[in-house]
Each structure stands twice: as structure tokens, then as C-alpha cells.
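What follows is a set of notes on a single structure, which appears directly below.
Nothing in this text is a laboratory measurement; each read-out follows from the coordinates by a stated rule. Owing to the predicted nature of the structure, the values given are computational and were not obtained by experimental measurement. Glycine gets a Cβ as well: all are built from the backbone with ideal geometry, and neighbour counts include every protein chain shown.
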Amino acid sequence: MNSQDFDFVAQLLRRRAGIVLTGDKMYLLESRLAPLARKEGLPSIDDLIQVVRARRDERLITQVVDVMTTNETFFFRDKTPFDHFKEAIMPALAPARRGQRIRIWNAACSTGQEPYSLAMMLDQSPLLAGGVPVEIVATDISDRCLERARQGLFTQFEVQRGLPIQMLMHYFTQQDDHWRISEKIRSMVTFKKLNLMDPSFTLGKFDIVFCRNVLIYFDAPTKADVLNRIASCMNPGGFLMLGAAESVIGITQAFENSQDRRGLYKLSQKTAKVA
Ligand SMILES: C[S@@+](CC[C@H](N)C(=O)[O-])C[C@H]1O[C@@H](n2cnc3c(N)ncnc32)[C@H](O)[C@@H]1O
């Protein structure tokens, strides 16, 4: 691939998904685009890029962006965020609800392990929500991931990563060489396509946002923009959970650090008043 083609795809990705692709990622581009070229019946990546450039075919552009997303995820990833959920977030929110439902948004949910982890936790500890209904909305830009997430079908490798064996036995049934999540847990999560680059989000207001391991792909102004738009669709007293390598510090004042809990932020009171 020549450098002009690389720049073309890098710009496309940045514009469409906010993802920054640095010059050292040529290998990544090639390894991800080669299977797509084959699937489209094109002899090489160069031909694929030529077709994208010439035809501006929306379907193909969407697929190029989709295959370039990194979808690494696993059940109960990093553990600590789920401890925060159980020990700090739900105990702070649930008593104040007086019957009103709690809404959770899992932004950038990949293939579903993250929202299903939350759903299993809630199912295991009904007292966590203090008797109020909880809604989980999980979104991603990738149609490929969303399709897999909605199926709730996981490989042996995937269920071996982070999922306690008791939960595997309780919530999954084996289907050939895959494991299917129970209908009860599956139905607790609604999956929707959403691009974090969209100028506004139309999913209503949320009390909890898990947005982990996606901001790392964006540049600083995009991170600020996304975080401010997330803040604008949160209820006062809302919580934001970021990934281990992500922070709001120096990026936005819409959230306040939660002192002793890494990765956990509260919607700042000033932001809550403006919203
Ligand atoms: C590394 S995964 C993280 C999954 C999960 N949150 C976790 O921490 O395990 C990043 C996800 O972000 C999604 N993503 C990337 N750019 C996005 C965008 N602009 N809008 C929405 N999702 C995006 C990718 O499709 C991918 O599934």
C-alpha cells in the first residue's frame, strides 16, 4: 500500500469514527483490509481502496470503518469497575430513586461481554437496585459486533476470559462448540448502533455510563467533545466509568474525579445544573 492510500484510509477513519491511525499502523491496516478485499471479491487491498475512492460506496465505507475498529473485550474486564458498580455506584443511586428506573448506557460495548457482565451482576444481587427497574442500553459503531452481541453466543475462548465458572454454569448453555447466554440476561440488554462522533445522542438521559477503552483511540479534542456530549445526556448525580488508561483530567470539567475509586467519575454539579 502506498502512503497516499494509507493517508486516505486514515482520514476516512478519523472523520467517520474519530479513530486516529498513526503512520506505524500500516501493518494493522493491511491485516484488517485484506480479508475485506477477499470478501468483496477484489484481488488486493489496493483494488479495495481504489473502489472506495472511486465509488464512494457507503456500504463499503461502513465496512472499512467497521473492520478497522479494535473490538478487544472480555467478561468483567479489569474487575475494579464492576467493584465500583457494586460498592459505590448502585448504593449511591438506588436509594434515591423512589421507584424510578435507573438507566445504564454502555457506550462502545463491542461484542456484548461488558453489558452482559453488568446484567449478570444485577441478576445475582437483586438488592443492588433496591427494587427499582434497571435498563441497560449498549451501543457500538460496529454492525459486526452488534450482531454478535445480540446473538449472545460466545466461543470457549471468550467464556474462559474473566467469567467465573459458576456464572458460566448458571447463565449459559452449551451449543456445539459455543456457549449461549440465557434469554433472561440477553433480554436485560438493548443493543443499538451509535457512533460517538454523532453530533448529538438521542437515547434519552442516563444515570450511569460505562464508556471504557474507546477514548484511547481518539485525539484530545475528540475525547473532550465526546465526554461533553456524554455529560449532556446524564441525569444529575450520574456516574461515568472510564477504562484503566483513560481519564477526564485536563480534558473536560464536566466530570469530577471520584477520590478513591480509579476510573470512576461523577457528573459535576455545574454541568448537571446547565443540562
Ligand atoms: C476495545 S473495544 C472496548 C469494548 C469494551 N468497552 C471493553 O472495554 O471491553 C472498543 C470499541 O469501541 C468501538 N468504537 C470505536 N470507535 C467508535 C465510535 N466512534 N463510536 C462508537 N463506538 C466506537 C469499537 O467498535 C469497539 O467495539
May I ask you to list the trypsin sites (Lys or Arg not before Pro) in the stretch 33-141 that are in a DSSP loop and have at most 15 other Cβ atoms within 10 Å of their Cβ?
R56, K79, R98, R101
Let me have the relative contact order for the stretch 63-208, percent, based on Cα pairs under 8 Å that are six or more residues apart.
30 percent
Can you spot the aspartates and glutamates whose alpha carbon is less than 19 Å from K184's alpha carbon? Ignore those fewer than 8 places along the same chain.
E114, D123, E135, E147
Calculated from backbone phi, Karplus (6.51, -1.76, 1.60) coupling profile of the stretch 257-271 in Hz, x at Gly/Pro:
4, 9, 3, 9, 10, 5, x, 9, 10, 10, 4, 6, 5, 4, 5
Per DSSP helix of 4 or more residues, -39500 (n - 2.57); summed, then divided by the residues of the chain. What does that give at 222 nm, rounded to the nearest 500?
-11500 deg cm²/dmol
Cα convex hull of the stretch 158-275 - mean projected area over all directions, nm²
9.4 nm²
What list of ³J(HN,Hα) couplings, whole Hz, do you get for the stretch 86-93 from phi and the Karplus terms 6.51, -1.76, 1.60, once you set θ to phi - 60° and write x for glycine and proline?
6, 8, 10, 6, 5, x, 7, 7
Net charge of Cβ neighbours under 15 Å - reference L60; Lys, Arg +1; Asp, Glu -1
+1
When you have a sec, figure out the Kirkwood radius of the stretch 119-188 from all distinct Cα pair distances and drop it here in Å to one decimal?
13.4 Å
Averaged over all viewing directions, the convex hull of the alpha carbons in the chain casts a projected area in nm² of 15.6 nm²
For the stretch 6-45 and the stretch 193-241, distance of Cα centres in Å:
26 Å
Counting Lys and Arg as +1 and Asp and Glu as -1 over every other residue whose Cβ sits under 11 Å from the Cβ of R148, the net charge comes to -2
Working out 0.36 nm times the residue gap between R59 and Q269, then minus their Cα-Cα distance, what length gain in nm do you get to one decimal?
71.4 nm
In whole Hz, the Karplus estimates of ³J(HN,Hα) for the stretch 69-76 (6.51, -1.76, 1.60; θ = phi - 60°; x where Gly or Pro) are 7, 9, 10, 3, 6, 7, 4, 6
